[in-house]
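Here the structure is laid out as structure tokens; the discussion comes afterwards.
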Amino acid sequence: MKMAPKTMEPFARKVFRGILLFEVAGVFAAYALFHKMNSSRDFRSTVNGTFPSVLEVYYKSNEWAGVYGIREADQEAWSSRTA
């Protein structure tokens, strides 16, 4: 008796589901990071010291959306804090 060859369909569905869940988790994490950066200048200061490129993306995305002045306000607040 010959056995029918197993298909890859169940495995492919599991892989697809895993990738999809990973993508959704990434979107939620990106939103949470944006929300935290958007609501806390202190957190932006921490990010500036640790990951300045992430802060630059935050500033650029806001400028692209038409929200200007955050970078300048942060720099002014941070310079007055140290002076």
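The values are calculated or read from the model by the stated rules, or taken from the named source; none is laboratory data. Being a predicted model, the structure only gives us computed values, none of them experimental. We place every Cβ from the backbone using ideal geometry, glycine too, and count neighbours over all the protein chains shown. When the accessible area is computed, the model is the full protein with side chains, heavy atoms only, and any ligands, DNA or RNA have been set aside. Shrake-Rupley method; radii C 1.70, N 1.55, O 1.52, S 1.80 Å.
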* **Ranked by how many other beta carbons lie within 10 Å on average, peptides 15-28, 59-72 from highest** => 59-72, 15-28
* Keeping every protein chain in place, order Asp42, Asp74 by accessible area at 1.4 Å, biggest value first, i.e. largest first. => Asp42, Asp74
* Structure fact -> Taking r as the C-beta separation of Arg17 and Asn38 and R0 as 35 Å, the FRET efficiency to the nearest 0.05 is 0.65
* Structure fact -> Excluding residues fewer than 8 positions from Lys60 in its own chain, the aspartates and glutamates with Cα under 15 Å of it are Glu72, Asp74
* Report the label-to-label distance for Val24 and Thr46 in nanometres (one decimal), using points 7 Å from each Cα along the Cα→Cβ vector. => 2.8 nm
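With a 1.4 Å probe and every protein chain left in place, work out the accessible area per residue of the chain in Å², rounded to a whole number.
Spelled out: the 1.4 Å probe surface of the chain, per residue, equals 85 Å².
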* Leaving out ligands, DNA and RNA, what percent of the accessible area of the chain is carbon and sulfur, probe 1.4 Å? -> 66 percent
